[in-house]
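Please read the structure below before turning to the comments.
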Amino acid sequence: MGNAVLLHLLCGVLAVLSASLVNADDPYRYYTWTVTYGTVKLLDVPQQVILINGQFPGPRLDVVTNDNIILNLFNKLDQPFLLTWNGIKQRKNSWQDGVLGTNCPIPPNSNYTYKFQTKDQIGSFTYFPSTLLHRAAGGYGAINIYERPKIPIPFPVPDGDFTLLIGDWYKTSHQTLRAYLDSGRTLPFPDGVLINGQTYSTFSGDQGKTYMFRISNVGMSTSLNFRIQGHSMKLVEVEGSHTVQNIYDSLDVHVGQSVAVLVTLNQSPKDYYIIASTRFNRKILTTTAVLHYSNSRTPASGPLPAAPSYGYHGSMMQARTYKWNLTASAARPNPQGSYHYGKITPTKTVALANSAPLINGKQRYAVNRVSYINSDTPLKLADYFGIPGVFSVDSIESSPSGGAAFLSTSVMSANLHDFLEVVFQNDEKTMQSWHLDGYDFWVIGYGNGQWTSAKRSTYNLVDALTRHTVQVYPKSWTAIYVSLDNQGMWNMRSAIWERQYLGQQFYLRVWTQVHSLANEYDIPSNALRCGKAIGIHS
């Protein structure tokens, strides 16, 4: 009898365990994506675009902190192709970064399986093609990383969640645009602005409820201003960082950047315009969508709310109001008390000056006089296998100097656990936007004119925001701090894609002599080989 009771209890325990295992969060998410060309009518013109699983924009990745993404990508284009995951840190895993310095492109009619983790991140991010000028044809999409139930966010859970991919757009094909650049010409001004790949769309909600709007600038070249007729916006997140919750009537979102705002539908029940318009250009391009109250019987009407009248200075002042929410939890138990960025002495200062030289009679873009050219062999593979002649360490200087610009596969070396001060110096008359793969960084200062060491007195060393893409205003500078805690070969680039394509980028080699899986994963078993790495195996 006792044995029977014991067996019954054991079966009960096993049943409970089985149920809990079935209901537990699956840490893996599997996707199969197929990349093709397709025809979509945009700006009243049928155009060839890049589709993912038949969609333009591509599918949205809705994932949770620390999920493992297993994504098998089939390339059905007639050109090699890669996707990069804008803002995903790829912890210890630059093998999955999806840029030509780390990955061989996926050949036509071939596939590659990306394997990466959304490690310790919550927020709004994007993906897009990094090869050739494919970004001008689409292939982009949103990555929304949600918190786990035990990690509180610093605001009530919204009643809904909208993703808005805003960006400038060309009617001209990406092949023709690329031919412009290859011939030494610059790109013309864009033809229009799209929201989620359309010139008209509707977002519906209930009166009195609060919704999150995730806004990302996925365009090629142009800063955009975002606003909603009759409604204010509470900023709550910027590229994975929870912010002090200031209220704005409009927000400047620069190329490559993402923000998230809360909007309460607290107006009379009707429809309202959502507006995205270009900034800092004589010609203004504007597109609209509609915010629809579910009990509305009145279409959107009236004049569109005007873009802000302030120029570069006012936009810089707005950027300075973005603050880190120091009381908010992070994607894991809050680590902010262990050290504070403002109390760390930088290991080194790196100053990066962008320029637009002519080299061999053609338009190029450069960083500290060096205009980057891609190698047939990814730098990461060359570094791992010890292949000579692909790049040289410190082939770009860490501060601007005089002399003519030149072409090179430029790499800057740094040690693992260095703490860098990086100053972006923009002596040109155009907006710049800079991105660093594999990291976020503290944006500690903006200023006009030339940066000098005296400008450090203006830095925000208390609650500066962390993000992965930062704007630099004309004839101005922007300063960041970055903790180099992620070993690998990481792309530092202009987010303005014409400039990236024509050389305004380089690679930051974060390295240590100690080979350890605690610092970096080994080469993936499915890593593609190309260039001088063909036939080499680990």
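The values are calculated or read from the model by the stated rules, or taken from the named source; none is laboratory data. Keep in mind it's a predicted model, so treat the numbers as computed, not measured. No Cβ is skipped: glycine too gets one built from the backbone with ideal geometry, and neighbour counts run over all protein chains shown. When the accessible area is computed, the model is the full protein with side chains, heavy atoms only, and any ligands, DNA or RNA have been set aside. Shrake-Rupley method; radii C 1.70, N 1.55, O 1.52, S 1.80 Å.
Working note: Karplus 6.51/-1.76/1.60 with θ = phi - 60° gives the range 311-319 the couplings x, 4, 5, x, 5, 5, 5, 4, 4 Hz, where Gly and Pro are set to x. Quick one: grab the alpha carbon gyration tensor of the range 74-179, order the square roots of its eigenvalues as a ≥ b ≥ c, and give me rounded if a/c is under 1.5, else prolate or oblate depending on whether a/b is larger than b/c. Oblate, because a/c is 1.5 or more while a/b does not exceed b/c. Taking every protein chain into account, the accessible area of the chain amounts to 41 square angstrom per residue (probe 1.4 Å). In the chain, helical runs assigned H by DSSP with n ≥ 4 each contribute -39500 (n - 2.57); averaged across all residues and rounded to the nearest 500, the mean residue ellipticity at 222 nm is -3000 deg cm²/dmol. By the rule of a C-alpha distance below 21 Å, with chain neighbours fewer than 8 residues away ignored, the lysines paired with Lys92 are Lys115, Lys119, Lys380.
Selection among Met316, Phe162, Asn72 by position relative to the dipole of the chain gives Met316 as farthest towards the positive end (Cβ unit charges, Cα centre).
Take the alpha carbon gyration tensor of the range 277-375, find the square roots of its eigenvalues, order them as a ≥ b ≥ c, and report rounded if a/c is under 1.5; if not, report prolate when a/b exceeds b/c, else oblate. It comes out oblate by the Cα gyration axes.
The 3J(HN,Hα) values that the Karplus relation (6.51, -1.76, 1.60; θ = phi - 60°) gives for the range 524-531 are, in residue order, x, 5, 9, 4, 6, 10, 7, x Hz. Gly and Pro appear as x. Bridging of Lys343 to lysines at a Cα separation below 23 Å is possible for Lys323, Lys455, once same-chain residues fewer than 8 apart are set aside. For Trp169, the accessible surface of its heavy atoms amounts to roughly 10 Å² (probe 1.4 Å, protein chains only, rounded to the nearest 10). Is the shape of the range 193-261 best called rounded, prolate or oblate, per the rule: a/c under 1.5 gives rounded, else a/b larger than b/c gives prolate, else oblate, with a ≥ b ≥ c the square roots of the Cα gyration tensor eigenvalues? Oblate, because a/c is 1.5 or more while a/b does not exceed b/c. Counting only DSSP beta bridges whose two residues both lie in the chain, roughly 70 percent are antiparallel. Counting Lys and Arg as +1 and Asp and Glu as -1 over every other residue whose Cβ lies under 10 Å from the Cβ of Asn325, the net charge comes to -1.
Ranked by the mean number of other Cβ atoms within 10 Å of their residues, highest first, the peptides 437-446, 353-362, 454-463 come out as 437-446, 353-362, 454-463.
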